[in-house]
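Here the structure comes first, spelled out in structure tokens, and everything after it is commentary.
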Number of protein chains: 2
Amino acid sequence: MIEMTDVKKNSVYEYLYNAIRTGEIKPGQTLTERGLAEKIGVSRTPVREAIRKLEEQGIVTHEPHKGVKVITLSVGKVAQLYDVRELLEGLAARKLAERHTPEGISELARLIDKAEQEAVANHVHELARINSEFHLTLARLSGNVYLEAIMNMLQTQIGLMMSASLSTSGRPLQNISEHKMLIDAIRSGDGEFAESIAKHHVRNAREHAMQKLTEGGE
Amino acid sequence: MIEMTDVKKNSVYEYLYNAIRTGEIKPGQTLTERGLAEKIGVSRTPVREAIRKLEEQGIVTHEPHKGVKVITLSVGKVAQLYDVRELLEGLAARKLAERHTPEGISELARLIDKAEQEAVANHVHELARINSEFHLTLARLSGNVYLEAIMNMLQTQIGLMMSASLSTSGRPLQNISEHKMLIDAIRSGDGEFAESIAKHHVRNAREHAMQKLTEGGE
DNA sequence: CCCCTTCATTTGGTATACCATATTAATGAA
DNA sequence: TTCATTAATATGGTATACCAAATGAAGGGG
């Protein structure tokens, strides 16, 4: 149960995103500005703004005079998500390989180190967060501002999906290993190569996600 | 000069977007909620919301306690935009080719017809709008909800860029011709082929845009 | 003359109230 | 009972007011 005391500090958006992520607010559920405002103890204004942001990020859909509805992440949509992601991760890796700096590489390396620590400690939530940050950082370092914005949306969606099926399997370690390979490829400066590694990595992640979805829920 | 009377009807976002597009509000210019509210005759609330949306779409950047600043579309950024667009248009075309319906094809064909009419009438603004709608429709028909959302952002940015250098050259006709080729490719059902046509089309559009940018302004 | 402190102004954020419109419920007539 | 009309309610949108925080300017001390 998420504390509703002084939500202001963290922003209503964070509160709602986490509430949806953790399942406190379930897919398909309808939300209203007034209802949420009362529930979390703030006025309509910040709630309204948060809902708009959720809408922009594709987490809720708005139907006039009915309220907003939390999306349901179907298998089909996850496949669509990874279709887009594969291309964009590939582009990011290629561009970054062609313009990589020692600082950028070490920034990514640091994130991998952190991920490794969280992985052995079995902190799945933290691990997921750092994983997301890794890919966002990659997009940012690629130098393409659009990639950064888009990847942010995709990672937001992935964050929702992941919490449903948190992988405690051997995937985290393989994931980290793939990230290391990706960094090496980027450091090599070979754009084509880095792109292929990145795309391969996304395809693996996709397979894993799809498998989790089809066997577990849905 | 855009009329400010009863902006409510069209929404503040549209007003601001057009004001920026037409150059009434110039790149680099700083905007404030209160200033805009007074200028266009509405309260801060809808202005605030519109600004947030502009921010999400990457049209303005917000610096705390300084106001929001209208972005400057550099040549580099436009190149980044087309890098992303090429991949995604390719994906959209491929997916649509693999699931095309007669209704979808005729919807696209209708838009091309309209574009042709506006082209011969030399209505450059209308032509640009329909052109944008063509690509948005393509993304929507591809069945990938993420493509649709992303393409919307990209087209919004392109809309800004186009108004700076409105092409009265022979490009419109070539553009329409390429769209026709794309539809044929999609109708053939050959995903690979449709993808290559779409990517080629984007590369041409990119060349044209870059040329206009480097010779004209910047 | 310069720097530091203080205060006014500007901006950001939130709360509350009001009105329009759409949906839903209630009521009444066929 | 069923349908149409009307009334109540919920939602969306906007306006206004208030408070906090940050910036920039003014004034005082070194």
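List of remarks:
- Stretch gain in nm, segment residue A:39-residue A:120, where the contour uses 0.36 nm per residue and the Cα spacing is subtracted: 25.4 nm
- For the protein assembly as shown, the 222 nm mean residue ellipticity estimated from helices alone, with every DSSP H stretch of n ≥ 4 adding -39500 (n - 2.57) and the total spread over all residues, rounds to -23500 deg cm²/dmol.
- The eigenvalues of the Cα gyration tensor, multiplied by 5 and square-rooted, give the protein assembly as shown an equivalent ellipsoid with semi-axes of 34, 30, 22 Å from largest to smallest.
- Extension reserve of the residue A:55-residue A:29 stretch, reckoned as 0.36 nm per residue once the Cα distance is removed: 7.9 nm
- Whole-percent carbon and sulfur share, accessible surface of the range A:75-215, 1.4 Å: 51 percent
- Unit charges at the beta carbon, dipole of chain A: most positive-side option, A:143, A:182, A:41: A:41
- Across the range A:63-69, computed HN-Hα scalar couplings (Karplus, 6.51 cos²θ - 1.76 cosθ + 1.60, θ = phi - 60°) run 10, x, 6, 10, x, 10, 10 Hz from first to last residue, x flagging Gly and Pro.
- Binning the alpha carbon pair distances of the range A:7-70 at 10 angstrom intervals from zero yields the distribution 23, 63, 14, expressed in whole percent.
- Magnitude of the charge dipole, chain A, Cβ model with Lys/Arg +1 and Asp/Glu -1, debye to 20: 560 debye
- Take the accessible area of B alone and of A alone, subtract that of the pair with a 1.4 Å probe, and the total buried over both chains is about 2200 Å².
- Around the Cα centre of the range B:42-150, unit charges on the Cβ atoms of Lys, Arg, Asp and Glu (plus for the first two, minus for the last two) sum to a dipole of about 500 debye.
- The Cα trace of chain B gives Rg and Dmax of 18.4, 55 Å, the first to one decimal, the second as a whole number.
- Extent along the principal axes, Cα only, for the range B:71-173: 37, 32, 18 Å, with the longest axis given first.
- Copy-to-copy label separations for residue B:203, where each label sits 7 Å from Cα toward Cβ, in nm and ascending: 2.3
- For the range A:11-19, putting each phi into the Karplus relation 6.51 cos²θ - 1.76 cosθ + 1.60 with θ = phi - 60° gives couplings of 5, 5, 4, 4, 4, 5, 4, 5, 4 Hz, in residue order, rounded to whole numbers and with x for Gly and Pro.
- ³J(HN,Hα) computed for each position of the range B:82-90 - Karplus, 6.51 cos²θ - 1.76 cosθ + 1.60, integer Hz, glycine/proline x: 6, 4, 5, 5, 4, 5, 6, 5, x
- Dipole axis of chain B (+1 Lys, Arg; -1 Asp, Glu on Cβ), positive-most option in B:214, B:73, B:60: B:60
- 7 Å along Cα→Cβ, label-point gaps from residue B:124 to other copies, nm, shortest first: 5.8
The values are calculated or read from the model by the stated rules, or taken from the named source; none is laboratory data. Nothing here was measured: the structure is a model prediction, and the numbers come from that model. Note: ideal-geometry Cβ built from the backbone for every residue, glycine included; neighbour counts use all protein chains shown. For the accessible areas, the whole protein counts, side chains as well, though only heavy atoms, and no ligand, DNA or RNA atoms are used. Shrake-Rupley method; radii C 1.70, N 1.55, O 1.52, S 1.80 Å.
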